[in-house]
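Since the structure comes first, as structure tokens, the remarks are kept for the end.
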Amino acid sequence: MTEHPRAILVPDQTPIEPLSQLSEQLGVDLWIKRDDLAGTTFGGNKSRQLEYYLGAARARQADTILITGAVQSNFVRTAAASAAKFGLRTIVQLEARVPDQDALYQTSGNVLLNQMLGAEMMHYHDGEDEAGADAALRARAEEERRKGHTPYVIPLALGNPPLGALGYLRAGQEILSQDSGFDTVVVASGSGLTHAGLLTGLVEGDFSGRVVGSCVRRDATLQTKRIRTVLNNLQTLRGKADEIPSERIHIWDGALAPGYGQIGPAAMNAIRQMAECEGLMLDPVYTAKVFATIPALIENGEIEKDSRVLFVHTGGLASLFAYQTDLSRLLLEN
Ligand SMILES: *Cc1c(COP(=O)(O)O)cnc(C)c1O
């Protein structure tokens, strides 16, 4: 087993809380894992992932972190905030991943926070070219090296070792130490590091329930393949030979439409339901789509009445204000 250094950003367990009003409304015993509270500056799942990227960066005595993501990326913002905490500078590359967005999308939410955190921002013209985005980031890292800096690149593409998934392996163990009695755990499935890490941690901890990954970026066919790859890459990274069985992979993409970073009716409904029933916010890009999975799977029978369900809130709340135009319009429509 290989040891991977961890820079501590989430020192304590995040709470698991009951969602009483929604439980009554939906007819299941519903709980929430508050990973929206994990880490600094609006927190979220990327804090757990960054513990291992920054752990590696610090072990290599890096002074500059380079990271790429969507314009409203939470990963990029959390990296800038977490790097600041360790005295590192951050260069972020923002990809044009979401079509037709207005000035608020380009300047508010996470973009404003990046600026306030002192991160340098650059742009990449294509939002679907992971290898190209990584190559542009590596070229910039080379420039930094020539200037005498020690850069550390947090890569995006699937072929890279999924260091961030180690953070969700820990989260899986953490959940089991808090409450091992859930029948279903529902979590976001984007890059897949969160989903694959959590699934691995739970399966290795003898969790017998289902872990459902809800698609936020790609359809179920593509995402199932991606998760299979991330699961295998994670075991390779850990020096483990045993494979997580494919029958443990469950993917749902019913709330993905109209596409990555765009709010559909299912997501909008989820935001309102969570806000009005529990006084908690969901974000439009990820957690609203993930929460929308639960009533849909209750409806189709995949989640049984009265069973125990855990919704993993992965954060993302900083982007709410960048999506103000769409959110206000949708609120008026219903
Ligand atoms: C990035 C992100 C996700 C998806 O996590 P992956 O590890 O990329 O699959 C889910 N929720 C929020 C709020 C995120 O920022």
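Taking the conditions exactly as written (over 21 Å from PRO162 (Cβ atoms), within 14 Å of the ligand (Cβ to nearest atom) and open to solvent by 10 Å² or more (accessible area, probe 1.4 Å)), does LEU222 satisfy them or not?
no
With aliphatic (A, V, I, L, M), outside any helix (DSSP H, G or I) and open to solvent by less than 20 Å² (accessible area, probe 1.4 Å) as the only criterion, which of ALA267, ALA255 stands out?
After ruling out the rest, the residue left standing is ALA255.
Quick grid of which residues meet (1) assigned by TED's automatic domain parsing to the domain that holds GLY197; (2) in a helix (DSSP H, G or I); (3) touching a residue at least 40 places away in the same chain (Cβ under 8 Å):
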residue: THR221; (1), (2), (3): yes, yes, no
residue: LYS225; (1), (2), (3): yes, yes, no
residue: ASN233; (1), (2), (3): yes, yes, yes
residue: ASP242; (1), (2), (3): yes, no, no
residue: ILE251; (1), (2), (3): yes, no, yes
residue: GLN273; (1), (2), (3): yes, yes, yes
residue: CYS277; (1), (2), (3): yes, yes, yes
residue: SER319; (1), (2), (3): yes, yes, yes
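So MET121 passes all but one of these: (1) of a type in the set (A, V, I, L, M, F, W, C); (2) touching a residue at least 40 places away in the same chain (Cβ under 8 Å); (3) away from the ligand (no atom under 13 Å from the Cβ). Which condition number does it fail?
(2)
Scan region 285-300 for residues that are within 13 Å of the ligand (Cβ to nearest atom) and either within 13 Å of the chain's Cα centre (by Cα) or of a type in the set (Asp, Glu) (or both) and jot them down.
VAL285, TYR286, THR287, ALA288, LYS289, VAL290 - these are the residues of region 285-300 that are within 13 Å of the ligand (Cβ to nearest atom) and either within 13 Å of the chain's Cα centre (by Cα) or of a type in the set (Asp, Glu) (or both).
Applying the selection to region 230-252, what residues are among the polar types (S, T, N, Q) and either touching a strand residue (DSSP E or B) at 6+ places or on another chain (Cβ under 7 Å) or open to solvent by less than 50 Å² (accessible area, probe 1.4 Å) (or both)?
Residues satisfying the conditions are ASN233, GLN235.
Can you tell me which residues in region 1-51 are within 27 Å of GLN273 (Cβ to Cβ), of a type in the set (A, V, I, L, M, F, W, C), within 16 Å of the ligand (Cβ to nearest atom) and open to solvent by 10 Å² or more (accessible area, probe 1.4 Å)?
LEU37, PHE42
Report whether or not LYS289 is more than 20 Å from GLY261 (Cβ to Cβ) and outside the structural domain of ARG77 (by TED's automatic domain parsing).
For LYS289, the condition - more than 20 Å from GLY261 (Cβ to Cβ) and outside the structural domain of ARG77 (by TED's automatic domain parsing) - is not met.
The values are calculated or read from the model by the stated rules, or taken from the named source; none is laboratory data. What you see is a predicted model; the values in this text were computed from it and never measured. Glycine gets a Cβ as well: all are built from the backbone with ideal geometry, and neighbour counts include every protein chain shown. Keep in mind that these areas ignore ligands, DNA and RNA; they rest on the heavy atoms of the full protein, side chains included. Shrake-Rupley method; radii C 1.70, N 1.55, O 1.52, S 1.80 Å.
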